[in-house]
Amino acid sequence: QVQLVESGGGLVQAGGSLRLSCSASGSTSSISAVAWHRQAPGDSRELVAQFRNDGHIEYSDAVRGRFAISRNSARNRYYLQMNNLKPEDTGVYYCNARASYYNKWGQGTQVTVYS
């Protein structure tokens, strides 16, 4: 299995940018997809962006055109570049890695956007 550690969250003014990083360790060659999810207070966790090993990328309607997911395979890191942030983007962002036999989550990183 893998272990995931997120970083890069913080406090930013609306219109600003942040880049989240997810560092994977362990059996990283088994990963078939990595996704970023977020959870706002009182809300359920929602998918933000997903990167599959076949190259397929998808985004939620709420972030398409503003966020970009990418991978640095040499460093086993996955990134979420977030531009033109809005207050409704506030929440805890989680990295998620999936394989045929596991579904792992990181501990999350807080993103707070103020107007």
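The values are calculated or read from the model by the stated rules, or taken from the named source; none is laboratory data. For clarity, every value in this text was computed on a predicted model and none was experimentally measured. No Cβ is skipped: glycine too gets one built from the backbone with ideal geometry, and neighbour counts run over all protein chains shown. Keep in mind that these areas ignore ligands, DNA and RNA; they rest on the heavy atoms of the full protein, side chains included. Shrake-Rupley method; radii C 1.70, N 1.55, O 1.52, S 1.80 Å.
Among residues of the stretch 19-39 being in a loop (DSSP other than H, G, I, E, B) and not β-branched (V, I, T), the one that is surrounded by the most Cβ atoms within 10 Å (Cβ to Cβ) is S27. Residue selection: A97 satisfies the criterion of being under 15 Å from A24 (Cβ atoms), touching a helix residue (DSSP H, G or I) at 6+ places or on another chain (Cβ under 9 Å) and modelled with pLDDT of 95 or more.
Restricting attention to the stretch 64-84, the residues that are under 20 Å from G106 (Cβ atoms) and touching a residue at least 60 places away in the same chain (Cβ under 8 Å) add up to 4. Scanning the stretch 58-78 for residues that are within 15 Å of S25 (Cα to Cα) and either of a type outside the set (A, V, I, L, M, F, W, C) or not in a helix (DSSP H, G or I) (or both) yields R71, N72, S73, R75, N76, R77, Y78. Restricting G42, G55, G16 to those that are assigned to a loop (DSSP other than H, G, I, E, B) and either modelled with pLDDT of 95 or more or β-branched (V, I, T) (or both) reduces the list to G16. V92 meets each of the listed conditions (1) surrounded by 13 or more Cβ atoms within 10 Å (Cβ to Cβ); (2) out of contact with any helix residue (DSSP H, G or I) (no Cβ under 9 Å at 6 or more places or on another chain); (3) not in a strand (DSSP E or B) apart from (3).
In the stretch 100-114, the residue that is most open to solvent (accessible area, probe 1.4 Å) out of those that are over 15 Å from the mean Cα position of the chain (by Cα) and at pLDDT 95 or above is Y114.
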